[in-house]
Amino acid sequence: MAELEFVPMSIGQILDQTFKLYRKNLARFIAIIAVVQVPASLITILALVGVGIATAAFVASEQGEAIMTPSASFGLLLVAFGGLFLSMVAATLGHAALTKSISECYLGRESTVGQSYRFVLAKLPAILAAGVLVVLLTFMGLALCIVPGILLMALFYLTTPAIILEDLGAIKGMSRSRSLTAGNFGKVLGLALIVLLIVFVVSIFFQLIGGVISFIAVPNNEFAAQLIVQVFSLFAQVIAAPIGGISSILLYYDLRIRKEAFDLEMLAERIESGGEESDAVDPAF
């Protein structure tokens with residue numbers, strides 16, 4: 001994406017560049033998310049539907065005569081939580097690989113789907129650890145007085161990009177995010193809320209489509225209807241995920257330009273390299 005210049009951007013400009021990058025790299029970005037999110041989510045959906053069917057069968061048994069043993073109950077819970085955990089890990093890994101790919105595009109380089117995943121695999125433990133810490137701190141802040149939780153969310157908004165792009169651990173990645181976002185709470189929160197709204201609208205749109213299709217196709221089958229709606233929700237996740245990833249990367253570089261003269265650093269790098277473009281890479285796996 002050599003036409004993108006390294007200049008400070010407003011929220012509107014970040015969103016504009018977000019959709020430009022999305023359109024020009026649509027297939028690659030969706031492939032990065034889909035390659036892990038689709039299998040994991042389908043397994044989760046099937047597991048939850050199975051738990052629902054088993055629970056409904058028990059409830060519908062004759063006056064509760066069939067007793068669900070403790071081991072059976074534990075098994076159902078294990079399946080449900082296992083599926084959710086798998087989906088969480090897949091989403092984290094996909095977002096990390098997407099972050100790497102988006103950064104390469106922004107810097108005018110190329111990165112295949114496989115290269116992006118290979119790069120971030122070793123960083124997955126740090127990303128997961130940081131994610132858990134950020135969620136815990138945010139919930140604690142929300143429980144205290146709401147406002148501290150919102151501020152903490154803004155402070156640690158760029159933790160994942162910092163860990164991936166600067167090869168940091170969980171704590172250092174959170175600290176790096178805090179230093180970049182400090183003094184820019186309004187911009188970070190404004191961008192995050194707009195992106196959240198966009199993702200919400202996309203999700204609702206696909207869920208409505210799934211609901212209409214399930215109502216027409218399987219009006220008397222509740223579990224089949226839920227399965228259809230969940231599949232359409234998965235489509236929404238795959239389509240909307242790159243929007244949040246791209247906007248956060250552009251915000252990351254925007255703040256580095258404003259605070260650390262990253263634009264001058266990139267200019268110096270181009271001058272040293274004689275202005276030559278990096279070798280092209282076939283954007284396949």
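The values are calculated or read from the model by the stated rules, or taken from the named source; none is laboratory data. Please read all numbers here as calculations on a predicted model, not as lab measurements. Cβ placement follows ideal geometry from the backbone for every residue including glycine, while neighbour counts extend to all protein chains displayed.
Taking the criterion of being within 19 Å of Leu42 (Cβ to Cβ) and exposed (fewer than 14 other Cβ atoms within 10 Å of the Cβ), the residues of region 212-221 that qualify are Ala217, Asn221. Check whether at least one residue in region 250-257 is out of contact with any His (no Cβ under 7 Å at 6 or more places or on another chain), modelled with pLDDT of 85 or more and acidic (Asp, Glu), and report yes or no. The answer is yes; a qualifying residue exists.
For (1) out of contact with any His (no Cβ under 9 Å at 6 or more places or on another chain); (2) modelled with pLDDT of 85 or more; (3) among the hydrophobic types (A, V, I, L, M, F, W, C), each residue gets a yes or a no:
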{"residue": "Val51", "(1), (2), (3)": "yes, no, yes"}
{"residue": "Glu62", "(1), (2), (3)": "yes, no, no"}
{"residue": "Ala72", "(1), (2), (3)": "yes, no, yes"}
{"residue": "Gly75", "(1), (2), (3)": "yes, no, no"}
{"residue": "Ala97", "(1), (2), (3)": "yes, yes, yes"}
{"residue": "Arg118", "(1), (2), (3)": "yes, yes, no"}
{"residue": "Lys123", "(1), (2), (3)": "yes, yes, no"}
{"residue": "Gly131", "(1), (2), (3)": "yes, yes, no"}
{"residue": "Ile146", "(1), (2), (3)": "yes, no, yes"}
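The residues of region 30-49 that are among the β-branched types (Val, Ile, Thr), crowded, with 19+ Cβ neighbours inside 10 Å and at pLDDT below 85, listed by number, are Thr44, Ile45. Here the condition is being over 30 Å from Ser10 (Cα atoms) and out of contact with any Phe, Trp or Tyr (no Cβ under 8 Å at 6 or more places or on another chain); of Gln237, Gln226, it holds for Gln226 alone.
Listed by first and then second residue, the pairs with beta-carbon distance under 9 Å, at least 6 apart or on different chains, first residue in region 229-252 and without any contact (Cβ under 8 Å) to a residue 12 or more places away in the chain and under 11 Å from Val202 (Cβ atoms), second part of a helix (DSSP H, G or I) and small (Gly, Ala, Ser), form an empty list. Could we say that Val113 is at pLDDT 90 or above and either of a type in the set (Asp, Glu) or in contact with a Phe, Trp or Tyr (Cβ under 7 Å, 6 or more places away or on another chain) (or both) here? Answer is yes for this residue.
Considering region 175-192, the residues that are among the aliphatic types (A, V, I, L, M) and within 13 Å of Phe156 (Cα to Cα) include one that is modelled with the lowest pLDDT, namely Ala182.
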